[in-house]
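No value in this document is a laboratory result; all are computed from the given coordinates. Here the structure is a predicted model, which is why all the values come from computation and not from measurement. In this analysis, Cβ positions are derived from the backbone assuming ideal geometry, glycine residues included, and neighbour counts consider all displayed protein chains.
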Amino acid sequence: MGSQTENLLTVIDVGSAKTCVIVAEVNDYALRYRGHGISDSRGMRKGVITDLDKAVDSIRKAVEDAENVAQAPVEHAVVGVAGSHIRGVNSHGGISLGSRSREISREDVRQAVEKARSIAMPDDREALHLLPQEFILDGQGGVHDAAGLMGRKLEVRVHVVTAGTTATQNVVSAMNRAGIHVDDTVFEALACADSVLQTDERELGVCLVDIGAGSTDLIVYYEGVVIHTGAIPIGGDHFTNDVGVGFRTPIPDAENMKKMFGCAIVTRIPEGNEIEVPSVGDRPSRLMQQRMLGEILEPRARELMELLRDHLRQAGVYDLLGAGLVFTGGGSRLSSLLEVADDILRRPVRLGYPVPIAKLPSNLLEPEFATAIGMVLYGHRARQARMNLDRGLGAKLKALFARQNA
């Protein structure tokens, strides 16, 4: 059982609408789907746990379903973190290597990166990721890997993804109470980028927009590196709540109507179309104009895109989006939403579908599962990097012992 579970990689995406668990098998550097489980999220709001017991129950149910399909126990997992508490900041730091040029070691690189990450941070925030952008060697930028080069001064630019300490700790606590050991936490938009973005998009400049139920998470790439991360506190649930209030209908029914009949542009809905609207309590259902649904959804869609545009402008990255924006997540499926985005953002837009992994069921190849699949790819990449590092250290130790025994 031990060797079997060592080859398994499990990821858990705890969203405001659903909790998704995917189990993959890693063999000879390849990934293969083994199982998944999905449950309705409870005790979550805007990506933050608000009721620990309910959140734990949702995690347990999704994990049990995944274990049944994968026919293997789930004890460890890579866990996603998202929500409006996520913020990114660019930083810069460096070290002097002496008055004469010398070869830069991995330890020098590590020290330079540590200098760059030493930024003042409030007690309620913690660094989730440290993403190097470029190294600057004796004033010459654009260096991707400084180790082995010669120089006198080494500087580095990094992007630091920060998260609310309490929000992250609560996610980890919920996992532990559900019997899951957290191997790693990852900003969900960073992982999602692995499954939907193309290399040329990252080079030209692109913003990945992950519209979840509780919030919209952002990550911007330019010249192949991350230059901005953040979140907007509006997600698919806000659209649904607007429909529930406007039509005076229960929230689950409002969600179904949004998915089946919703459209972000009123004029795309034929005049005269009617839909059945369930009432609250024991009152009978009513027939109402479908265009009324569009009149509720369009202002919210335009508001989200205007907030997104203003956010990117304020961050100074709006003019760098040569490849435009890629929308993903369940909230991106609203009909005509991308037309609204195109109208307001004035940049190329497309819907992002996740890349498949072997044996993955076709019903998971949808934008709402892009984050979970991206987390599998991210977890696999991180595991391979650790293995390669261990092999490198092993080779150095063997060489050292060989010299000592010679």
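A full extension of the chain between Glu75 and Met288 corresponds to an added length of 71.7 nm, given 0.36 nm per residue minus the alpha carbon distance. Under 18 Å from a label point set 7 Å out along the Cα-to-Cβ vector of Glu339, no amide N atom of the range 232-256 is found. The Cα center of the range 152-227 and the Cα center of the range 36-98 differ in position by 12 Å. By other beta-carbon atoms within 10 Å, ranking Asp138, Asp242 with the fewest at the front produces Asp138, Asp242.
Amide H contacts under 5 Å for Glu134: Arg157, restricted to partners 5 or more places along the chain or on a different chain, H placed in the peptide plane at 1.01 Å from N.
What label, among [x] 23.2, 77; [y] 23.6, 90; [z] 21.9, 69, belongs to Rg and Dmax of the Cα atoms in Å computed from the structure on display? Computed from the coordinates, Rg and Dmax of the Cα atoms in Å corresponds to [y].
Picking from Gly179, Ile59, Ser91, whose Cα lies most toward the positive end of the charge dipole for the range 59-187 (charges on Cβ: Lys, Arg +1; Asp, Glu -1)? Positive-end residue among those listed: Ser91.
Given the Cα-Cα distance of Asp138 and Glu107 and 0.36 nm per residue of separation, how much length would full extension add, in nm?
Extending this stretch completely gives an extra 9.4 nm.
Annotation: extensible slack from Val280 through Asp183 equals 30.5 nm (criterion: 0.36 nm per residue apart, minus Cα-Cα distance). For Thr267 and Ser362, the FRET efficiency from 1/(1 + (r/R0)^6), where r spans their Cβ atoms and R0 equals 35 Å, is about 0.55. Taken about its Cα centre, the chain carries a charge dipole of about 960 debye when Lys and Arg each add +1 at the Cβ and Asp and Glu each add -1 at the Cβ. Its DSSP H runs of at least 4 residues, each contributing -39,500 (n - 2.57), put the calculated 222 nm mean residue ellipticity of the chain at -12500 deg cm²/dmol, to the nearest 500.
Between the range 246-320 and the range 131-149, the C-alpha centres lie 48 angstrom from each other. Between amide H atoms placed 1.01 Å from N, distances below 5 Å from Ser335 occur with Ala264, all of them 5 or more places distant or on a separate chain. Note on Arg350 and Met121: their simple-model spin labels are 3.4 nm apart, each label 7 Å out from Cα toward Cβ.
Relative to the Cα centre, the charge distribution of the range 202-352, modelled as +1 at Lys and Arg Cβ and -1 at Asp and Glu Cβ, gives a dipole magnitude of about 100 debye.
Close amide-amide hydrogen proximity is noted between Leu360 and Tyr33, each under 5 Å apart and 5 or more residues distant or on a separate chain (H modeled in the peptide plane; Pro and chain starts excluded).
Placing +1 on the Cβ of every Lys and Arg and -1 on the Cβ of every Asp and Glu, with no other charges, gives the range 122-238 a dipole of roughly 280 debye about its Cα centre. Applying the Karplus relation 6.51 cos²θ - 1.76 cosθ + 1.60 with θ = phi - 60° to the range 286-295 yields 3J(HN,Hα) values of 10, 9, 9, 5, 4, 4, 5, 5, x, 5 Hz, where x marks Gly and Pro. With an a/c value of 1.5 or above and a/b not larger than b/c for the gyration tensor axes a ≥ b ≥ c computed over the alpha-carbon atoms, the range 1-124 is described as oblate. Couplings for the range 354-367, taken from phi via the Karplus curve 6.51 cos²θ - 1.76 cosθ + 1.60 with θ = phi - 60°, read x, 6, x, 10, 4, 6, 5, x, 5, 6, 8, 7, 10, x Hz in order; Gly and Pro are left as x.
Working note: Karplus 6.51/-1.76/1.60 with θ = phi - 60° gives the range 239-252 the couplings 4, 4, 4, 4, 5, x, 6, x, 9, 6, 9, x, 4, x Hz, where Gly and Pro are set to x.
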